[in-house]
Amino acid sequence: MGSYPRLPFFWVVSKLHLYSIIIERVDFYLWGSFGCCRGHVSLPVKSVGICKCVATPQEAETAYKTRVTRNPNIGKLQAGYLFPEIARRRSAHLLKYPDAKVISLGIGDTTEPIPEVITDAMSKRSHALSTIEGYSGYGAEQGEKPLRRAIASTFYSDLDIEEDDIFVSDGAKCDISRLQIVFGSDVKMAVQDPSYPAYVDSSVIMGQTGFYQKDVQKFANIEYMRCNPENGFFPDLSSISRPDIIFFCSPNNPTGAAATRKQLIELVQFAKDNGSIVIHDSAYAMYISGDNPRSIFEIPGAKEVAIETSSFSKYAGFTGVRLGWTVIPKQLLYSDGFPVAKDFNRIVCTCFNGASNISQAGGLACLSPEGLNAMREVIGFYKENTNIIVDTFDSLGFKVYGGKDAPYVWVHFPGRSSWDVFSEILEKTHVVTTPGSGFGPGGEGFIRVSAFGHRENILEACRRFKQLYK
C-alpha cells in the first residue's frame, strides 16, 4: 500500500522522559501483544513534534472518592487565608536563608508575657479543678455570671448594657462566624475597604456573595466601603447601596484609624435610615488615647441597630488563651420584632460549650483594679513600639497612618504592589510585614507593620528599614 518506507515501531518511551521526533511521513506496524495484527498510518507533519509521556501516580488512579459535593462557596475563596499565606512565605524564606534572624511584624500576635496577677488567677482556678470542692464541668454557654457582670461594669457603665446582653466566648473572630450563621446567606454585607479578612471570607463561605471579580479584586454582592487618607478612613455612606449587615472596626485593622464621635453618629443614623445592623468590632478599643468613642453604644440609638464584639487578646496577651465577648442589646430586633439576641443564644447553645473556665478566671482577674493597671502597662508598651515605627518611616519620607490609637502602622508605597513591597522587605531585611492588598483592594500600595514585638526586635527592624530605604 503506497511506496513509502515502512518502519517497525521499536521505540519504547520511558515514563517521565521527553523525546523529540522529526517525522516526514511515517507508517508503522503494531507489534507486541497485538500479535500479527498489522496497521498502517500516514502522518504528515510539517514541524517538529513533541511526544511527552507522563506517569500517573498509582494512588491518583485508585484513590477512592465519596459522592459528597464540595461546598461551592468555599471554592470561591481566593488562595489561602491571608495570615497562613504570610506564614508559608516566611517558612520558605527561612529555607532559603536558614541563618537569617527573621523578625515578624506581620500577624498581630502579642509577644509580651501575660501579667502575673492574671496568670496567678488562672493557675489557682486550674489547681482547684483537681479538688472535689473546686471542680466544675460544663458551664453556661453564655459565660460565667461574675465575668459578664465585670465586663458590663468595666466597659459599659452608664451605657444601659446589662450582664445578660453579654455573651462570653473564645474570641471575637469566632463570634464573627457565629454571627454570620445567625444572619444566614440571604443578606447583603458591607465592609470597610481595607478591613480584617475574616469579615469577607466568612461572608463568602456563608454564600452571601457572588464570585470573585479579578478585574476589581472584589466579590460580587458585597459592598466595599472605601476608607483611605482622602476621606479620613471613613466611608462616604451616601455612595453605597443599602446593606443588611455592616462590619465596622474601630480602631480599624489594618489602618489603625479610630472613628470619631461624629462619624459613629453618622454610621448609626445610616443604619437606622436603612434598617441595617452594624457589627462593631472594638477589639482594640483600649488603645484609644483621645476622646474618640471606645464603644458604639456611647452613641444614642446604637442599641437599636448595633452589635459589638471585643476580646482580651490584644489587651492581656490572650491570643493563645482565647477569651472575648459579644454584646447584643435586647432592643435590637429583626424586621418581625423578634430579638436578635435570642437567635444568637440559640446558635451559641448549639455550636459552643462555653469559654474555658480557666480562661474566664483570667478574664475576671484582668478586670480587677490590679489587672486593669497591668493591661494598661502592656498596651502602653506596644504603643511605645508604634511610636518607634512611625518615627522611623516618617524620617524616611513615607506617608504614615495609624499608630496613635491602634498597634498597627499603615505605610504608603504609592504606585507599588503591596506584595512586591512585602517581598522586597522580607528578602532584603528579613522582616515580615503584611501586604495591604491582603485586606482588600483599598489596601493596595500599603503595608501594615505590627507593633507587637519585643523592644529589641522593633529597634532592630527599624534599623534595617532605615538601611533599606535611606
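The values are calculated or read from the model by the stated rules, or taken from the named source; none is laboratory data. Just so it is clear, the structure is predicted and the values come from calculations on it, not from any experiment. Backbone-built Cβ (ideal geometry, glycine too); neighbour counts: all protein chains shown. We work out accessible area using only protein heavy atoms, side chains counted, and drop any ligands, DNA or RNA first. Shrake-Rupley method; radii C 1.70, N 1.55, O 1.52, S 1.80 Å.
Quick one: would you say Ile296 is crowded, with 22+ Cβ neighbours inside 10 Å, among the hydrophobic types (A, V, I, L, M, F, W, C) and at pLDDT 95 or above?
Working: crowded, with 22+ Cβ neighbours inside 10 Å: yes; among the hydrophobic types (A, V, I, L, M, F, W, C): yes; at pLDDT 95 or above: yes.
In short, yes.
Select from the range 217-241 the residues that are more than 20 Å from His412 (Cα to Cα) and either basic (Lys, Arg) or not in a strand (DSSP E or B) (or both) and list them in ascending order.
Lys218, Ala220, Asn221, Asp236, Leu237, Ser238, Ser239, Ile240, Ser241, listed by residue number.
I'd like the residue in the range 299-324 that is farther than 22 Å from Ala190 by Cβ, hydrophobic (A, V, I, L, M, F, W, C) and part of a loop (DSSP other than H, G, I, E, B) and, out of all such residues, is most open to solvent (accessible area, probe 1.4 Å).
Checking each candidate, the answer is Val321.
Go through Gln208, Gln192 for me and flag whichever is of a type in the set (S, T, N, Q), outside any loop (DSSP other than H, G, I, E, B) and touching a strand residue (DSSP E or B) at 6+ places or on another chain (Cβ under 7 Å).
Gln192
Which ones in the range 227-282 are of a type in the set (Gly, Ala, Ser) and open to solvent by 10 Å² or more (accessible area, probe 1.4 Å)? Can you show your working first?
Applying the first criterion (of a type in the set (Gly, Ala, Ser)) to the range 227-282 yields 232, 238-239, 241, 250, 256-259, 271, 275-276, 282.
Gly232, Ser238, Ser239, Ser241, Ala257, Ala258, Gly275, listed by residue number.
For the range 326-351, how many residues are of a type in the set (Phe, Trp, Tyr) and open to solvent by 80 Å² or more (accessible area, probe 1.4 Å)? Write out each step before concluding.
So in the range 326-351, the residues of a type in the set (Phe, Trp, Tyr) come out as 334, 338, 344.
Keeping just the survivors that are open to solvent by 80 Å² or more (accessible area, probe 1.4 Å) gives 338.
Count: 1.
Got at least one residue in the range 365-372 being open to solvent by 80 Å² or more (accessible area, probe 1.4 Å), closer than 19 Å to Ser276 by Cβ and of a type in the set (D, E, K, R)? Break it down stepwise before answering.
Of the range 365-372, the ones open to solvent by 80 Å² or more (accessible area, probe 1.4 Å) are 369-370.
Now restrict to residues that are closer than 19 Å to Ser276 by Cβ: none.
The answer is no, given that none of the residues of the range 365-372 is open to solvent by 80 Å² or more (accessible area, probe 1.4 Å), closer than 19 Å to Ser276 by Cβ and of a type in the set (D, E, K, R).
Hey, among the residues in the range 121-178 that are of a type in the set (Val, Ile, Thr) and free of Cβ contacts under 8 Å to residues at least 60 places away in the same chain, which one's nearest to Phe312 (Cα to Cα)?
Start the filter on the range 121-178 by keeping residues that are of a type in the set (Val, Ile, Thr), which leaves 131-132, 151, 154, 161, 166, 168, 176.
Add one more test, that the residue is free of Cβ contacts under 8 Å to residues at least 60 places away in the same chain, and what stays is 131-132.
Details: Thr131: 28, Ile132: 30 Å.
Among them, the one singled out is Thr131.
Taking the range 271-292 only, how many residues are more than 24 Å from Ala172 (Cα to Cα) and of a type in the set (Phe, Trp, Tyr)?
Adding up the residues that qualify gives 0.
A quick yes/no check of all residues on (1) in the same structural domain as Pro300 (by the TED database); (2) touching a strand residue (DSSP E or B) at 6+ places or on another chain (Cβ under 6 Å); (3) part of a helix (DSSP H, G or I); (4) among the aromatic types (Phe, Trp, Tyr):
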{"site": "Val168", "(1), (2), (3), (4)": "yes, yes, no, no"}
{"site": "Ser177", "(1), (2), (3), (4)": "yes, no, yes, no"}
{"site": "Val182", "(1), (2), (3), (4)": "yes, no, yes, no"}
{"site": "Ser185", "(1), (2), (3), (4)": "yes, no, no, no"}
{"site": "Asp201", "(1), (2), (3), (4)": "yes, no, yes, no"}
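Tell me, please, whether a residue that is of a type in the set (Phe, Trp, Tyr), touching a residue at least 24 places away in the same chain (Cβ under 8 Å), under 30 Å from Gln360 (Cα atoms) and in a strand (DSSP E or B) can be found in the range 242-258. Explain how you work it out, then say what you get.
From the range 242-258, those of a type in the set (Phe, Trp, Tyr) are 247-248; that's our starting set.
Now drop any that are not touching a residue at least 24 places away in the same chain (Cβ under 8 Å), which leaves 247-248.
So of that shortlist, the ones also under 30 Å from Gln360 (Cα atoms) come out as 247-248.
Subsequent filtering for residues that are in a strand (DSSP E or B) retains 247-248.
The answer is yes; a qualifying residue exists.
Looking at the structure I just gave you, is Glu223 open to solvent by 20 Å² or more (accessible area, probe 1.4 Å), within 19 Å of the chain's Cα centre (by Cα) and without any contact (Cβ under 8 Å) to a residue 40 or more places away in the chain? Give the steps one after another, and end with the answer.
Numbers: open to solvent by 20 Å² or more (accessible area, probe 1.4 Å): yes; within 19 Å of the chain's Cα centre (by Cα): yes; without any contact (Cβ under 8 Å) to a residue 40 or more places away in the chain: yes.
Spelling it out, Glu223 is indeed open to solvent by 20 Å² or more (accessible area, probe 1.4 Å), within 19 Å of the chain's Cα centre (by Cα) and without any contact (Cβ under 8 Å) to a residue 40 or more places away in the chain.
Just the residues that are touching an Asp or Glu at 6+ places or on another chain (Cβ under 8 Å) and not in a loop (DSSP other than H, G, I, E, B), please, taken from the range 346-363.
First pass over the range 346-363, keeping only residues touching an Asp or Glu at 6+ places or on another chain (Cβ under 8 Å): 348-349, 352-357, 359-360.
Listed by number, the residues that qualify are Val348, Cys349, Asn357, Ser359, Gln360.
On the basis of being out of contact with any Pro (no Cβ under 9 Å at 6 or more places or on another chain), among the small types (Gly, Ala, Ser) and not assigned by the TED database to the domain that holds Arg294, does Gly443 make the cut?
Working: out of contact with any Pro (no Cβ under 9 Å at 6 or more places or on another chain): no; among the small types (Gly, Ala, Ser): yes; not assigned by the TED database to the domain that holds Arg294: yes.
No.
List every residue pair whose Cβ atoms sit under 8 Å apart, with the two residues 6 or more apart in sequence or on different chains, where the first one lies in the range 318-347 and is in the same structural domain as Gln360 (by the TED database) and the second, anywhere, is at pLDDT below 95 and basic (Lys, Arg).
Partner pairs satisfying both residue conditions: none exist.
When you check Ile107 against the structure, is it among the β-branched types (Val, Ile, Thr) and not assigned by the TED database to the domain that holds Phe312, yes or no? Even if it seems obvious, please write down each step before you answer.
Values: among the β-branched types (Val, Ile, Thr): yes; not assigned by the TED database to the domain that holds Phe312: yes.
In short, yes.
Which of (1) surrounded by fewer than 21 Cβ atoms within 10 Å (Cβ to Cβ); (2) over 20 Å from Ser437 (Cα atoms) is the odd one out, the single condition Asp215 does not satisfy?
With respect to (1) surrounded by fewer than 21 Cβ atoms within 10 Å (Cβ to Cβ); (2) over 20 Å from Ser437 (Cα atoms), Asp215 is out only on (2).
Which residues, taken from the range 152-202, are farther than 19 Å from Ala302 by Cβ, open to solvent by 30 Å² or more (accessible area, probe 1.4 Å) and touching a Lys or Arg at 6+ places or on another chain (Cβ under 7 Å)?
Listed by number, the list holds a single entry, Asp170.
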